[in-house]
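Working notes, beginning with the structure itself.
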Amino acid sequence: MSRLPEISAALLASGVSAELPVAIVNNATTPQQRVFVSTLAKSAWMPRFWGSARRPFVAIGEMVRLREALSPFAITLTGEG
């Protein structure tokens, strides 16, 4: 997370679209999962939003758009038999 602004700046400087989607997932696969989606242009401030989130997962690219398309097919695992 602390390097996300640096990574974003390098991608933008190399010509990557400012509208490329970026997602941060915290507490992935748990009931406390939170997902924040933005763009590469706005991602530099994302670490401040998340603060000291434990082990967030950062996804950059078109795969972030698939989250919306696949959400109707999401399965919630409860651990019950």
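Here is how the numbers come out for the structure above:
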item	result
Helices (runs of 4 or more DSSP H) contained in the chain and holding at least 2 residues surrounded by 10 or more Cβ atoms within 10 Å (Cβ to Cβ), aromatic (Phe, Trp, Tyr) and modelled with pLDDT under 80	46-50
Subset of the range 16-42 [of a type in the set (Gly, Ala, Ser) and either touching a residue at least 40 places away in the same chain (Cβ under 8 Å) or under 19 Å from GLU68 (Cα atoms) (or both)]	ALA23, ALA28, SER38
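The values are calculated or read from the model by the stated rules, or taken from the named source; none is laboratory data. What you see is a predicted model; the values in this text were computed from it and never measured. In this analysis, Cβ positions are derived from the backbone assuming ideal geometry, glycine residues included, and neighbour counts consider all displayed protein chains.
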